[in-house]
């Protein structure tokens, strides 16, 4: 006769992986997945272009009465126009969309998805991996490019600090948002580019309401507030900008965890 109790006793019980351990495990796997020579080289070249052009802008500006304030404005505008509009969202998109999107497309996500652990550690690890790679590629060119464009005049340090803070917090917020996008759409990069160009680039010019729904509006407000430069757009308070960017990051990760739990992974 069969022994149900013995059979049940011999069945191995899978222990749930702790949150910290699960996050660290997924992070190690995913960061290796998204880092490639081609991506790093292409996006590093984009950052190098920003730095070089910033240096050219700074050296080609005219000196004279009132030149310092003009150079501060030029540096802040350059950090905003090239760094926060192009480099930060594009670099974040490439790595964040790939963090879970690539694993989903090539079938390796199932090995992490089937482990006895919560979905939030996997999502947090994906965002952390994307941020780890994206931060230096976003922050360094945005900060140096904006600073070089000021030609190092007095108070130019404020532009560099503002660009650093805006690029860093913007990168985190965009990365979390695009991790969610990578779980919602198969061609997440195409959808992300459409969002960056059509909404962040164009729709925000339609009015204050649209700008309030744009990450760029809050990132550039950080730059404007810290550098103490009026860039000619609606500016939100320093604390408000930080809270909104942080809230977008947290909500995006929470929604991504819900989406992942309902996703059919094979």
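The values are calculated or read from the model by the stated rules, or taken from the named source; none is laboratory data. What you see is a predicted model, and the numbers here were worked out from it, not measured in a lab. Positions of Cβ are generated from backbone atoms using ideal geometry, with glycine treated the same way; all protein chains shown enter the neighbour counts.
Structure summary
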item	result
Candidates 152, 148, filtered to the one that is over 13 Å from the mean Cα position of the chain (by Cα), outside any loop (DSSP other than H, G, I, E, B) and closer than 25 Å to residue 53 by Cβ	148
Elements of type helices (runs of 4 or more DSSP H) contained in segment 174-241, each with 2 or more residues being out of contact with any strand residue (DSSP E or B) (no Cβ under 6 Å at 6 or more places or on another chain), surrounded by fewer than 17 Cβ atoms within 10 Å (Cβ to Cβ) and modelled with pLDDT of 80 or more	188-194
Verdict on residue 29 being modelled with pLDDT under 90, surrounded by 10 or more Cβ atoms within 10 Å (Cβ to Cβ) and within 20 Å of residue 98 (Cβ to Cβ)	yes
